[in-house]
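Asker: I'd like to ask you about the structure that follows.
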Amino acid sequence: MWEYSDKVKEHFKNPRNVGSIENADAIGEAGALSCGDKLKLYLKIDNNVITDAKFQTFGCGSAVAASSVLTEMLIGKTIEEARKITNKQIAQELDGLPPEKMHCSVMGREALEDALKNYLQEDWEELYEDDKKNGSMIICHCFGVSEKQIIEAINNGAKTMEDITKMTSSGLACGRCRENIEKILKKYVIKNKREKLNPIQKIIKINNIIETIISPELQKDFGDIELVNVDGNNVYVKLKGHCSNCANAKLTLKNFVETKLKELVDDEIVVLEE
């Protein structure tokens, strides 16, 4: 049986701001009845300040409580302040939620995000792309765990989904992040298993891969490749035969030769034509 704080019980028994707002300036939705929980959030905005917030929800007591406390958090805040609210803060306002119910706070955050996206007419996908680039993209929304934190856990010894859950709590609640975590595990655990090579061993391995894997493939199209030099992670090669005059020579280097060496030797390898 899950333990609920007094605040969760209070907001469930006496939810605040239930209902809809006529002529709302922003409306956001999250969840789905097929999953058991659905939330619709209404906002009234005046001079960049949220003056009223109401909700309609179908779901468990935690969903009602999270939606109720979210509306209280929103009223009086500017748009800029509102968009910074996280699902963790929603849960904290309730003095915590059981791990299995953290997805209810995520639903509140997603409804808020949807409402602000519609109001500001912004492309939130661009924000996600920025998060990807700086490593802060959130993978587990229930506990606010980023891709960077999951990679750090792998670097600190995590090898399985269970290890990741123990070290970061991600994947413990709604489970929607598990597929993406498994992909990260597959990518980085394999990477960490690679043998550490000294410079001479690295050159030998690169040359072996070129001779036994890459060259035979190019020869099928009457081309070939020769290793010229290795300087750190820079691999200098010379394309031969049809490959040397091919209009797609640069694509061959990047999409085949470099990709194969990154996969089998080192992610930092850059292939350059001599």
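Just so it is clear, none of the values below were taken in a lab; they were calculated from the coordinates. Treat the numbers as computed from the prediction; the structure is a model and nothing was measured. Ideal geometry is used to build each Cβ from the backbone, glycine not excepted, and the neighbour counts take in all protein chains shown.
Asker: Of the labelled options [x] 26.0, 78; [y] 35.3, 131; [z] 22.0, 71, which one gives Rg and Dmax of the Cα atoms in Å as computed for this structure?
Answerer: [x]
Asker: How far apart, in nanometres, would the label points at Glu162 and Cys246 be if each is projected 7 angstrom from Cα along the Cα-to-Cβ direction?
Answerer: Placing both labels 7 Å along Cα→Cβ, they lie 4.7 nm apart.
Asker: Running a GNM on the chain with Cα contacts under 10 Å, which residue among Glu147, Glu113, Glu179 ends up with the highest mean-square fluctuation?
Answerer: For the chain, modelled as a Gaussian network with Cα springs under 10 Å, the answer is Glu179.
Asker: For a quick check: with amide H placed at 1.01 Å from N, whose amide H comes under 5 Å from Gly223's, ignoring anything fewer than 5 positions away on the same chain?
Answerer: Those qualifying (amide H under 5 Å, at least 5 residues apart or on another chain) are His242, Cys243.
Asker: With r as the distance between the Cβ atoms of Asn48 and Lys7 and R0 = 30 Å, compute the FRET efficiency 1/(1 + (r/R0)^6) and round to 0.05.
Answerer: 0.55
Asker: Could you check the simple spin-label distance between Val270 and Glu72, using points 7 Å along Cα→Cβ, in nm with one decimal?
Answerer: 5.5
Asker: Give me Asp52, Asp267 sorted ascending by neighbouring Cβ count inside 10 Å, so fewest comes first.
Answerer: The fewest-first ordering by Cβ neighbours comes to Asp267, Asp52.
Asker: Still on this structure: Among Val145, Val230, Val189, whose mean-square fluctuation peaks in a Gaussian network model of the chain (Cα, cutoff 10 Å)?
Answerer: Val230
Asker: With a cut-off of 8 Å between alpha carbons and a minimum separation of six or more residues, what is the relative contact order of the chain in percent?
Answerer: 12
Asker: While we're here: Remind me, relative contact order of segment 6-120 in percent, using alpha carbon pairs under 8 angstrom and six or more residues apart?
Answerer: 32
Asker: If neighbour count is taken as other Cβ atoms inside 10 Å, put Lys88, Lys159 in order from fewest to most.
Answerer: Least crowded to most crowded, the residues run Lys159, Lys88.
Asker: Can you compute the charge dipole magnitude of the chain about its Cα centre, using +1 on each Lys and Arg Cβ and -1 on each Asp and Glu Cβ, nothing else charged? Give it in debye, rounded to the nearest 20.
Answerer: In total the dipole reaches around 700 debye.
Asker: Could you check how many percent of all C-alpha pairs in segment 1-77 are farther apart than 20 Å?
Answerer: 32
Asker: Here is a follow-up. Explain nothing, just the number: relative contact order of segment 199-273, from Cα pairs under 8 Å at least 6 residues apart, as a whole percent.
Answerer: 29
Asker: Which residue, Leu172, Asn155, Val189, has the largest displacement toward the positive end of the dipole of segment 135-193 when charges sit on each Cβ (Lys, Arg +1; Asp, Glu -1)?
Answerer: Val189
Asker: Most exposed first by the Cβ proxy, i.e. fewest other Cβ within 10 Å, how do Met102, Met137 rank?
Answerer: Met137, Met102
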